[in-house]
Amino acid sequence: MTAKIVLLILAGALGSNGQPRPEPAPLTFEVASVKTATGGGVMGGCRGIDSVYSLKQQTSAPPLGRCVITGARLSHLIGIAYGVSMQELKTGPDWIQRGDLRFDIQAKAEDPSKTTEKQLLTMLQNLLVERFQLKFHYERREEAGFALTVAKNGPKLKSSTSDEPGLSFHGPKGETLGKPSGGPLVSMTARKFSIPMLVGVLSSVGSIGHIVDQTGLTGEYDFTLSWDEEGGPVLSSALHDQLGLTLKAEKVPVSTLVVDSAEKPAAN
(Lines give C-alpha, C1' and ligand atoms only; values in the text may rest on other atoms or scores of the structure.)
Protein backbone atom coordinates (compact mmCIF):
# COMPACT_ATOMS: atom_id res chain seq x y z
CA MET A 1 0.00 0.00 0.00
CA THR A 2 1.49 3.37 -1.03
CA ALA A 3 1.93 6.32 1.30
CA LYS A 4 -0.63 8.30 -0.77
CA ILE A 5 -3.32 5.65 -0.27
CA VAL A 6 -2.59 5.48 3.47
CA LEU A 7 -2.97 9.28 3.73
CA LEU A 8 -6.30 9.14 1.85
CA ILE A 9 -7.61 6.44 4.20
CA LEU A 10 -6.53 8.44 7.24
CA ALA A 11 -8.10 11.59 5.84
CA GLY A 12 -11.42 9.78 5.43
CA ALA A 13 -11.31 8.53 9.02
CA LEU A 14 -10.47 11.95 10.51
CA GLY A 15 -12.52 15.11 10.64
CA SER A 16 -11.42 18.59 9.57
CA ASN A 17 -9.94 19.15 13.05
CA GLY A 18 -7.76 16.06 12.77
CA GLN A 19 -9.83 14.16 15.34
CA PRO A 20 -11.46 10.76 14.62
CA ARG A 21 -14.89 11.09 13.06
CA PRO A 22 -17.66 10.03 15.46
CA GLU A 23 -19.47 6.78 14.72
CA PRO A 24 -22.93 7.40 13.22
CA ALA A 25 -25.77 6.99 15.71
CA PRO A 26 -27.59 3.66 15.41
CA LEU A 27 -31.00 3.74 13.75
CA THR A 28 -33.69 3.89 16.43
CA PHE A 29 -37.43 4.37 16.57
CA GLU A 30 -38.84 7.73 17.57
CA VAL A 31 -41.07 5.90 20.06
CA ALA A 32 -41.35 2.21 20.91
CA SER A 33 -43.40 0.13 23.31
CA VAL A 34 -42.64 -3.43 24.46
CA LYS A 35 -45.35 -5.07 26.57
CA THR A 36 -46.11 -8.58 27.76
CA ALA A 37 -48.78 -10.05 25.50
CA THR A 38 -52.05 -11.47 26.82
CA GLY A 39 -52.56 -13.84 23.87
CA GLY A 40 -50.59 -16.13 21.60
CA GLY A 41 -50.24 -16.49 17.87
CA VAL A 42 -47.63 -14.14 16.43
CA MET A 43 -48.90 -11.59 13.92
CA GLY A 44 -47.63 -8.43 12.29
CA GLY A 45 -44.37 -7.04 10.96
CA CYS A 46 -42.71 -3.84 9.77
CA ARG A 47 -44.01 -1.67 6.92
CA GLY A 48 -41.63 0.63 5.07
CA ILE A 49 -42.17 2.76 1.99
CA ASP A 50 -40.89 -0.12 -0.18
CA SER A 51 -42.90 -2.92 1.47
CA VAL A 52 -45.19 -4.86 -0.85
CA TYR A 53 -48.64 -6.05 0.23
CA SER A 54 -51.49 -7.57 -1.73
CA LEU A 55 -54.92 -5.93 -1.50
CA LYS A 56 -55.98 -8.63 0.97
CA GLN A 57 -52.85 -8.15 3.10
CA GLN A 58 -53.22 -4.36 3.20
CA THR A 59 -56.24 -4.62 5.49
CA SER A 60 -54.09 -6.09 8.28
CA ALA A 61 -50.74 -4.45 7.43
CA PRO A 62 -49.09 -2.13 9.98
CA PRO A 63 -49.33 1.63 9.36
CA LEU A 64 -46.55 3.09 7.23
CA GLY A 65 -43.24 3.58 9.03
CA ARG A 66 -44.15 1.33 11.92
CA CYS A 67 -43.42 -2.11 13.34
CA VAL A 68 -46.52 -3.64 14.92
CA ILE A 69 -46.02 -7.22 16.17
CA THR A 70 -48.31 -9.04 18.58
CA GLY A 71 -48.19 -12.35 20.46
CA ALA A 72 -44.52 -12.96 19.68
CA ARG A 73 -41.94 -14.90 21.63
CA LEU A 74 -38.46 -13.38 21.59
CA SER A 75 -37.49 -16.03 19.03
CA HIS A 76 -40.21 -14.73 16.70
CA LEU A 77 -38.96 -11.16 17.12
CA ILE A 78 -35.40 -12.26 16.34
CA GLY A 79 -36.64 -14.11 13.27
CA ILE A 80 -38.46 -11.03 11.96
CA ALA A 81 -35.67 -8.57 12.77
CA TYR A 82 -32.76 -10.62 11.42
CA GLY A 83 -34.58 -12.56 8.70
CA VAL A 84 -33.87 -16.04 10.05
CA SER A 85 -36.18 -19.03 10.27
CA MET A 86 -36.69 -21.01 13.45
CA GLN A 87 -34.52 -23.73 11.89
CA GLU A 88 -31.67 -21.20 11.62
CA LEU A 89 -31.93 -20.07 15.25
CA LYS A 90 -30.44 -21.54 18.41
CA THR A 91 -31.54 -20.10 21.73
CA GLY A 92 -30.30 -20.52 25.28
CA PRO A 93 -32.93 -19.97 28.00
CA ASP A 94 -36.13 -21.93 27.39
CA TRP A 95 -38.41 -18.86 27.55
CA ILE A 96 -36.92 -17.42 24.37
CA GLN A 97 -38.29 -20.05 21.99
CA ARG A 98 -40.85 -21.96 24.06
CA GLY A 99 -43.38 -21.34 26.82
CA ASP A 100 -46.11 -18.76 27.28
CA LEU A 101 -44.04 -15.56 27.56
CA ARG A 102 -44.91 -13.43 24.54
CA PHE A 103 -44.66 -9.76 23.69
CA ASP A 104 -46.48 -7.00 21.83
CA ILE A 105 -44.35 -4.39 20.11
CA GLN A 106 -45.52 -1.09 18.68
CA ALA A 107 -42.82 1.19 17.31
CA LYS A 108 -42.76 4.22 15.00
CA ALA A 109 -39.98 5.75 12.92
CA GLU A 110 -39.32 9.48 13.15
CA ASP A 111 -40.35 10.06 9.52
CA PRO A 112 -42.64 7.26 8.30
CA SER A 113 -42.84 8.80 4.81
CA LYS A 114 -39.10 8.22 4.19
CA THR A 115 -38.30 5.02 6.09
CA THR A 116 -37.62 1.77 4.22
CA GLU A 117 -38.42 -1.72 5.46
CA LYS A 118 -34.69 -2.47 5.85
CA GLN A 119 -34.28 0.60 8.05
CA LEU A 120 -37.25 -0.44 10.20
CA LEU A 121 -35.79 -3.93 10.64
CA THR A 122 -32.45 -2.40 11.67
CA MET A 123 -34.33 -0.30 14.23
CA LEU A 124 -36.06 -3.46 15.46
CA GLN A 125 -32.67 -5.18 15.82
CA ASN A 126 -31.37 -2.27 17.89
CA LEU A 127 -34.55 -2.33 19.98
CA LEU A 128 -34.00 -6.01 20.83
CA VAL A 129 -30.41 -5.32 21.80
CA GLU A 130 -31.49 -2.41 24.03
CA ARG A 131 -34.65 -3.78 25.68
CA PHE A 132 -33.77 -7.48 25.83
CA GLN A 133 -29.99 -7.06 26.20
CA LEU A 134 -29.71 -9.49 23.28
CA LYS A 135 -26.25 -10.87 22.56
CA PHE A 136 -25.59 -13.37 19.79
CA HIS A 137 -23.17 -14.66 17.20
CA TYR A 138 -23.38 -16.52 13.91
CA GLU A 139 -22.18 -20.06 13.27
CA ARG A 140 -21.45 -20.93 9.65
CA ARG A 141 -21.08 -24.45 8.38
CA GLU A 142 -21.86 -26.70 5.43
CA GLU A 143 -24.47 -29.43 5.54
CA ALA A 144 -26.40 -31.67 3.19
CA GLY A 145 -28.90 -29.74 1.12
CA PHE A 146 -29.88 -28.93 -2.43
CA ALA A 147 -28.97 -26.48 -5.16
CA LEU A 148 -31.83 -25.32 -7.37
CA THR A 149 -30.66 -25.19 -11.00
CA VAL A 150 -32.20 -24.86 -14.46
CA ALA A 151 -33.03 -28.22 -16.08
CA LYS A 152 -31.23 -29.36 -19.24
CA ASN A 153 -34.04 -28.23 -21.56
CA GLY A 154 -34.42 -24.83 -19.89
CA PRO A 155 -37.00 -23.29 -17.55
CA LYS A 156 -40.76 -23.59 -18.10
CA LEU A 157 -41.63 -20.30 -16.45
CA LYS A 158 -43.76 -17.46 -17.81
CA SER A 159 -43.01 -13.85 -16.95
CA SER A 160 -45.52 -12.45 -14.49
CA THR A 161 -48.50 -10.43 -15.67
CA SER A 162 -49.75 -9.91 -12.10
CA ASP A 163 -49.79 -6.53 -10.37
CA GLU A 164 -49.01 -7.88 -6.91
CA PRO A 165 -47.21 -10.84 -5.34
CA GLY A 166 -49.46 -13.65 -4.16
CA LEU A 167 -49.15 -17.17 -2.76
CA SER A 168 -51.80 -19.78 -1.92
CA PHE A 169 -51.92 -23.53 -1.25
CA HIS A 170 -54.76 -25.95 -1.98
CA GLY A 171 -55.33 -29.58 -1.05
CA PRO A 172 -56.57 -32.55 -3.13
CA LYS A 173 -60.20 -31.38 -2.96
CA GLY A 174 -59.38 -27.76 -3.72
CA GLU A 175 -59.55 -26.76 -0.07
CA THR A 176 -57.39 -23.86 1.02
CA LEU A 177 -54.40 -24.88 3.10
CA GLY A 178 -52.17 -22.96 5.45
CA LYS A 179 -48.59 -24.17 5.46
CA PRO A 180 -48.52 -27.67 3.91
CA SER A 181 -46.30 -30.37 5.37
CA GLY A 182 -46.00 -33.27 2.97
CA GLY A 183 -48.82 -35.77 2.61
CA PRO A 184 -51.32 -35.95 -0.27
CA LEU A 185 -51.62 -33.63 -3.24
CA VAL A 186 -50.64 -30.02 -2.68
CA SER A 187 -51.12 -27.31 -5.30
CA MET A 188 -49.15 -24.09 -4.89
CA THR A 189 -50.18 -21.02 -6.89
CA ALA A 190 -47.66 -18.17 -7.01
CA ARG A 191 -47.99 -14.75 -8.62
CA LYS A 192 -45.22 -12.22 -9.29
CA PHE A 193 -42.74 -14.61 -7.67
CA SER A 194 -38.94 -14.46 -7.95
CA ILE A 195 -36.76 -17.55 -7.69
CA PRO A 196 -35.38 -16.48 -4.28
CA MET A 197 -38.99 -16.25 -3.09
CA LEU A 198 -39.63 -19.75 -4.43
CA VAL A 199 -36.51 -21.06 -2.68
CA GLY A 200 -37.69 -19.54 0.59
CA VAL A 201 -41.07 -21.27 0.30
CA LEU A 202 -39.57 -24.63 -0.71
CA SER A 203 -37.11 -24.53 2.18
CA SER A 204 -40.04 -23.93 4.53
CA VAL A 205 -42.68 -26.35 3.20
CA GLY A 206 -40.70 -28.91 1.23
CA SER A 207 -39.30 -30.79 4.26
CA ILE A 208 -36.07 -31.41 2.35
CA GLY A 209 -33.65 -29.10 4.13
CA HIS A 210 -31.75 -26.05 2.95
CA ILE A 211 -31.88 -24.96 -0.68
CA VAL A 212 -29.66 -22.43 -2.47
CA ASP A 213 -30.50 -20.68 -5.73
CA GLN A 214 -28.11 -21.46 -8.58
CA THR A 215 -30.54 -20.83 -11.45
CA GLY A 216 -29.28 -17.40 -12.46
CA LEU A 217 -32.92 -16.43 -13.15
CA THR A 218 -33.70 -12.85 -12.13
CA GLY A 219 -37.29 -12.33 -13.30
CA GLU A 220 -40.69 -12.53 -11.64
CA TYR A 221 -43.07 -15.30 -12.65
CA ASP A 222 -46.65 -16.61 -12.37
CA PHE A 223 -46.92 -20.39 -11.97
CA THR A 224 -48.68 -23.32 -10.35
CA LEU A 225 -46.75 -26.22 -8.85
CA SER A 226 -48.48 -29.45 -7.78
CA TRP A 227 -46.90 -32.40 -5.99
CA ASP A 228 -47.89 -35.42 -3.92
CA GLU A 229 -45.38 -36.97 -1.53
CA GLU A 230 -47.56 -40.08 -1.17
CA GLY A 231 -48.81 -40.83 -4.69
CA GLY A 232 -46.41 -38.76 -6.79
CA PRO A 233 -45.07 -36.76 -8.36
CA VAL A 234 -42.79 -35.89 -5.46
CA LEU A 235 -41.62 -32.28 -5.15
CA SER A 236 -38.32 -32.73 -7.01
CA SER A 237 -40.06 -34.39 -9.99
CA ALA A 238 -42.78 -31.73 -10.04
CA LEU A 239 -40.20 -28.95 -10.14
CA HIS A 240 -38.43 -30.59 -13.07
CA ASP A 241 -41.52 -31.47 -15.13
CA GLN A 242 -43.68 -28.43 -14.39
CA LEU A 243 -41.18 -25.57 -13.97
CA GLY A 244 -38.05 -26.84 -15.71
CA LEU A 245 -35.99 -26.63 -12.52
CA THR A 246 -33.79 -29.28 -10.92
CA LEU A 247 -32.87 -29.97 -7.30
CA LYS A 248 -29.28 -31.18 -7.09
CA ALA A 249 -28.09 -32.73 -3.82
CA GLU A 250 -24.89 -31.13 -2.53
CA LYS A 251 -23.31 -29.48 0.49
CA VAL A 252 -24.72 -25.99 0.99
CA PRO A 253 -23.62 -23.13 3.29
CA VAL A 254 -25.82 -22.69 6.35
CA SER A 255 -25.70 -19.79 8.79
CA THR A 256 -27.25 -20.16 12.26
CA LEU A 257 -27.92 -17.28 14.66
CA VAL A 258 -26.92 -18.41 18.16
CA VAL A 259 -28.28 -16.47 21.14
CA ASP A 260 -25.57 -16.09 23.78
CA SER A 261 -27.78 -14.31 26.32
CA ALA A 262 -30.93 -12.26 26.69
CA GLU A 263 -32.96 -10.74 29.51
CA LYS A 264 -36.67 -10.29 29.99
CA PRO A 265 -37.41 -6.60 29.34
CA ALA A 266 -38.32 -4.18 32.10
CA ALA A 267 -41.66 -2.39 31.95
CA ASN A 268 -41.84 0.63 29.63
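The values are calculated or read from the model by the stated rules, or taken from the named source; none is laboratory data. The shown structure was predicted, so the numbers you read here are calculated from the model rather than taken from an experiment. No Cβ is skipped: glycine too gets one built from the backbone with ideal geometry, and neighbour counts run over all protein chains shown. What goes into the accessible areas is simple: the full protein's heavy atoms, side chains included, and nothing from ligands, DNA or RNA. Shrake-Rupley method; radii C 1.70, N 1.55, O 1.52, S 1.80 Å.
Tabulated values for the structure
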| read-out | value |
| --- | --- |
| Residue with peak Gaussian network fluctuation, the chain [Cα springs, cutoff 10 Å], from Asp50, Asp94, Asp241 | Asp94 |
| Segment 44-155 - percent relative contact order, Cα under 8 Å, separation 6 or more | 32 percent |
| Computed over the chain, Kirkwood Rh from alpha-carbon pairs, angstrom | 21.5 Å |
| Semi-axis lengths (Å, descending) of the ellipsoid that matches the C-alpha gyration tensor of segment 101-146 | 28, 17, 11 |
| C-alpha long axis of helix 195-205 to longest principal axis of the chain, angle in ° | 80 degrees |
| 0 to 90° range, to nearest 10: angle between helix 117-132 axis and the chain longest Cα axis | 60 degrees |
| Between segment 190-222 and segment 89-153, the alpha-carbon center distance in angstrom | 20 Å |
| Probe 1.4 Å - accessible area at Thr59, Å² to nearest ten | 120 Å² |
| DSSP-defined beta bridges in the chain - what % are antiparallel, rounded to 5 | 90 percent |
| Geometric extent, Cα atoms of segment 179-268 - Rg, Dmax (angstrom) | 16.9, 55 |
| Listed peptides 164-170, 67-73 by packing density, highest first (mean Cβ within 10 Å) | 67-73, 164-170 |
| Proportion of all alpha-carbon pairs of segment 88-180 beyond 17 Å (%) | 78 percent |
| Sequence of Leu127, Leu27 when ordered by accessible area, the most exposed leading, probe 1.4 angstrom | Leu27, Leu127 |
| Around Glu117: net Lys/Arg minus Asp/Glu count, Cβ-Cβ under 13 Å | +3 |
| Distance violations [Cα-Cα > 23 Å] among Lys114/Lys158; Lys35/Lys108; Lys114/Lys135; Lys156/Lys192; Lys118/Lys251; Lys156/Lys248 | Lys114/Lys158; Lys114/Lys135; Lys118/Lys251 |
